[in-house]
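Engineer: Shown below is the structure under consideration.
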Amino acid sequence: MIEFNYQEVDFDFDESAHVVWLSKSILSEDKTEGEISYLFCTDNYLLDINKEFLNHDTYTDIITFDNTMGKIVGADICISIERVKENAFDFNVSFDEELRRVLVHGILHICGYKDKSDDEAKLMRYKENEKMAMFHVEHKL
């Protein structure tokens, strides 16, 4: 089950279309969907989480707490909407496109993809693009 929560942020978001797409993204990686909870929040809220749990004193767009057990993927995923908006501007893409990239980035992490090395980051970007292309395909589960 995929659910969305909001902490001091408000924006237009079609939850049902994104749930179907993210579920299909998980299935396309030969994984089973477990409990996945997204929290959309502010920069400062995510900064506090980053400091408390990861000892990082930096802003970030996403933090993924992986709860995967075998092939059943699960996570608590926190996304800074302010950071997504800024990155969309910096990368000259729409907010919706950047948000989808970040949403699926978290899913790919819990499916086992990493992005620390250049090769890992290249594969992650490839997979992000692959999954983003799936968003525009008719969604039926």
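The values are calculated or read from the model by the stated rules, or taken from the named source; none is laboratory data. Since the structure is predicted, the reported quantities are computational estimates derived from the model, not experimental observations. Ideal geometry is used to build each Cβ from the backbone, glycine not excepted, and the neighbour counts take in all protein chains shown.
Engineer: May I ask you to say which residue of 2, 26 is in contact (Cβ under 8 Å) with a residue 40 or more places away in the chain and either surrounded by 17 or more Cβ atoms within 10 Å (Cβ to Cβ) or under 15 Å from the mean Cα position of the chain (by Cα) (or both)?
Structural biologist: Values: 2 fails: in contact (Cβ under 8 Å) with a residue 40 or more places away in the chain.
The unique qualifying residue is 26.
Engineer: Going through the range 99-133 one residue at a time, which ones are touching a residue at least 24 places away in the same chain (Cβ under 8 Å) and among the polar types (S, T, N, Q)?
Structural biologist: Selection gives nothing.
Engineer: Follow-up question, since we're still on this one. Out of all the residues in the range 75-95, which are farther than 21 Å from residue 8 by Cβ and crowded, with 17+ Cβ neighbours inside 10 Å?
Structural biologist: The one that is farther than 21 Å from residue 8 by Cβ and crowded, with 17+ Cβ neighbours inside 10 Å: 75.
Engineer: Any idea how many residues of the range 102-125 are surrounded by 12 or more Cβ atoms within 10 Å (Cβ to Cβ) and part of a helix (DSSP H, G or I)?
Structural biologist: The number of residues fulfilling the criteria is 14.
Engineer: Right, next: Take residue 53 and tell me if it is among the hydrophobic types (A, V, I, L, M, F, W, C), surrounded by fewer than 17 Cβ atoms within 10 Å (Cβ to Cβ) and modelled with pLDDT under 95.
Structural biologist: yes
Engineer: How about the range 58-70: which of its residues are among the charged types (D, E, K, R) and either at pLDDT below 95 or within 19 Å of residue 34 (Cβ to Cβ) (or both)?
Structural biologist: 66
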